[in-house]
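These notes are about the structure you will find just below.
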Amino acid sequence: MSVLPIFVAGQWRTGKGEEMVSRFPADGSEVARLNAAGEQDVAEAIAAADRAWRDPAWRNRVPHERAAVLHRVSKLIMARQEELAQLQSRDNGKPLAETRGLVASAAATARYFAAACEVLEGELPTPRSAAVMTLSEYEPLGVVAAITPWNSPIASEMQKVAPALAAGNAVVLKPAEATPLMALKLAELFEQAGLPAGLLSVLPGKGSVIGEAIVRHPAVRKISFTGGTRTGRHLAAIAAERLIPASLELGGKSPTIVLDDADLEQAARGICYGIYSSAGQACIAGARLFVQRKLYQPLVARVAQLARGLRVGDPFTPGIHLGPLISAAHRDSVAAYVALAKEEGGRVLVGGEAPADPALSKGSYFLPTLIEGLDNRARVCQEEIFGPVLVAMPFDDEAELIAMANDSVYGLAAGIWSRDFPRALRLARALEAGTVWINTYKTFSISTPFGGFKESGLGREKGMQGIKAYMQQKSIYLGLSGQSNLWSD
Ligand code: ADP
């Protein structure tokens, strides 16, 4: 198999770092072979990025022309939707139906930030005054380090690259070790769409080597990271030391709550989708299920029945609900959490192991799993598993529920199922979470800010704040009175 080039400072070339192999998680077969970026690649990419964002030829282009590049990328993505979805399914094992959605969402994100780029306005912050007028303009930050995880590459990468470029920055993107392919494809599409050389480089490689070298480089002016809380904390420390902003979208252990007036069928289906889609490999997965006592037995029985009916298999088989997990090591870590749940006194109602089907033996599959009998303080309820594991717990009153739901270091998302909107809304306000879904779960809108409370992160992506997060305000004072100073004489 030929070695894939990486994209450094506008050039396609073999990386100068160690060899990397991308494997199809359904059978371990090789998808692509490439060389990671080396230190010299990092230095060249960042030097070119620093020149490119300062270049007046790009900086002084009217917003409409910068937006046009993003519009072209969006069209190119949709023209190649199927090919891109297939590539992403091979790279990370997600079912094709899901990766098609992620590709479409990346195209929509590019369109949204093209629009944001055109409508972003500066401000005249002072009231009308005879003495002074002030202007406040939004300027780019400079070189942005974008670091992404393996679970939703094209969507999470576009969520950083599009607003950063729309805001006038240059981006050095480091995709996750396991999934370098979509980021490289994105670079190809941006190049085709006419993005000037140097504004985007894609540097695959190990986080601890290449990621670390990028974020510590003195020319990097912002870190935009999505990934685990541990790495996020480490990057926040580097950002603090360097006094640069960091936006961090981190882990979660989101509660899904069923009140006793909920539509049981709607709730059961939404709960299954919320935890088992993407085989649970989602920071927003609804992993803790709290059900009001009256509905507990019937609701858990229905969730169990639906979970047993979900189809686990090759991501390219139509009608599949869960593909394999990203790697055998990750599957083993999910299995270890199920073993721990049993030690902690949990009862496995559904799944809890790899599927028996011999046709799936080469892949890192794990069955949708439902556990009960645990307390919210159990490790399995406190730690992010990032797999298809749901723990159900009953509750009696709302005060007890709120205390349990908020008893987590995380605060990324939450779900509420209820027919009583005022009650659901009161509860939504009491939950410590950056996103609360009521009678839906895992639905997204690009114009709605997304991010975490507590250890789930810092900052928000999406929406108009999503572009301003890549800008800094400059205030300019215009003296109008003819007086050059405030001394009386
Ligand atoms: P996961 O999301 O798998 O829990 P991480 O949070 O470690 O894992 O990974 C998310 C991204 O962060 C990946 O692209 C990874 O390579 C990168 N990364 C990991 N460690 C570092 C580091 N020290 N510096 C910069 N990037 C890192």
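For n ≥ 4 DSSP H runs only, could you compute -39500 (n - 2.57) per run for the chain, divide by its residues and tell me the 222 nm figure to the nearest 500? Each step should come with its number before you reach the end.
Numbers: 16 runs with 193 residues, N = 489.
Computed ellipticity for the chain at 222 nm equals -12500 deg cm²/dmol.
So how strong a dipole does the chain carry about its Cα centre when Lys and Arg Cβ are +1 and Asp and Glu Cβ are -1, to the nearest 20 debye?
Details: 51 positive and 50 negative charges, 114 e Å.
For this selection, approximately 540 debye.
Measure up 16/185; 75/160; 160/442; 222/468; 454/474; 160/454 against 24 Å on the Cα-Cα distance and list the ones that go over. Intermediate values should be presented prior to the final figure.
Working: 16/185 19 Å; 75/160 18 Å; 160/442 19 Å; 222/468 13 Å; 454/474 30 Å; 160/454 21 Å.
Cα-Cα > 24 Å for 454/474; rest within.
Expressed in nm to one decimal, what extension gain is obtained for the pair residue 344 and residue 29 from 0.36 nm per residue of sequence separation less their Cα-Cα distance? Could you put the intermediate results ahead of the total?
Values: separation 315, 0.36 × 315 = 113.40 nm, distance 3.67 nm.
Answer, rounded to one decimal: 109.7 nm.
Rg and Dmax of segment 328-370, using alpha carbons, in Å: what are they?
Over segment 328-370's Cα set, Rg and Dmax evaluate to 10.7, 33 Å.
Which distance in nm do the two modelled labels at residue 65 and residue 82 give, with both placed 7 Å along the Cα-to-Cβ direction?
About 3.7 nm separates the two model spin labels.
What is the distance in Å between the Cα centroid of segment 287-356 and that of segment 422-483?
33
In segment 86-209, what percentage of the DSSP-assigned beta bridges are antiparallel, given to the nearest 5?
On the way: 1 of 9 bridges.
Here the share of antiparallel DSSP bridges comes out near 10 percent.
Which of the aspartates and glutamates could a cross-linker bridge to residue 462, judged by Cα under 14 Å and excluding same-chain residues fewer than eight apart?
Candidates past the 8-residue exclusion: 157, 249.
Can you give me the span-like helices of the chain, meaning DSSP H runs with 27 Å or more of Cα extent along the axis and Kyte-Doolittle mean at or above 0.0? Let's see the in-between values first.
Values: long enough: 96-119 (35 Å, 0.73).
The answer, listed by residue number, is 96-119.
In whole Å and largest first, what semi-axes does the C-alpha gyration tensor of segment 396-489 yield when each eigenvalue is scaled by 5 and square-rooted? Write down the numbers at each step before the final one.
Details: eigenvalues 384, 56, 38 Å².
Result for segment 396-489: semi-axes of 44, 17, 14 Å.
Sort the following peptides by mean Cβ neighbour count (other Cβ atoms within 10 Å, averaged over residues), highest first: 330-339, 168-177.
Going by the mean number of other Cβ atoms within 10 Å, highest first, we get 168-177, 330-339.
Find out how many positive minus negative residues lie around residue 33, taking Lys and Arg as positive, Asp and Glu as negative, among other residues whose Cβ is under 11 Å from that of residue 33.
Numbers: positive: 23; negative: 19, 30.
Result for the neighbourhood of residue 33: -1.
Computed on alpha carbon atoms, what radius of gyration and Dmax characterise the chain, expressed in Å?
Calculated on Cα positions, Rg and Dmax stand at 24.0, 93 Å.
Dipole size in debye (nearest 20) for segment 38-133 around its Cα centre, Lys and Arg Cβ +1, Asp and Glu Cβ -1? Present the calculation step by step, with values, prior to reporting the outcome.
Numbers: 13 positive and 13 negative charges, 74 e Å.
Its charge dipole is roughly 360 debye.
What percent antiparallel are the DSSP beta bridges of the chain, to the nearest 5?
Details: 27 of 68 bridges.
Around 40 percent antiparallel, to the nearest 5.
What is the calculated FRET efficiency for residue 243 to residue 397, with r their C-beta to C-beta distance and R₀ = 30 Å, to the nearest 0.05? If you can, show how the numbers build up before the last one.
On the way: r = 47 Å, r/R0 = 1.56.
So the FRET efficiency works out to roughly 0.05.
Here, each number is a calculation from the coordinates, and none is a lab measurement. Keep in mind the model is a prediction, meaning the values are calculated, not measured. So basically every Cβ, Gly included, is an ideal-geometry build from the backbone, and we count neighbours across all protein chains shown.
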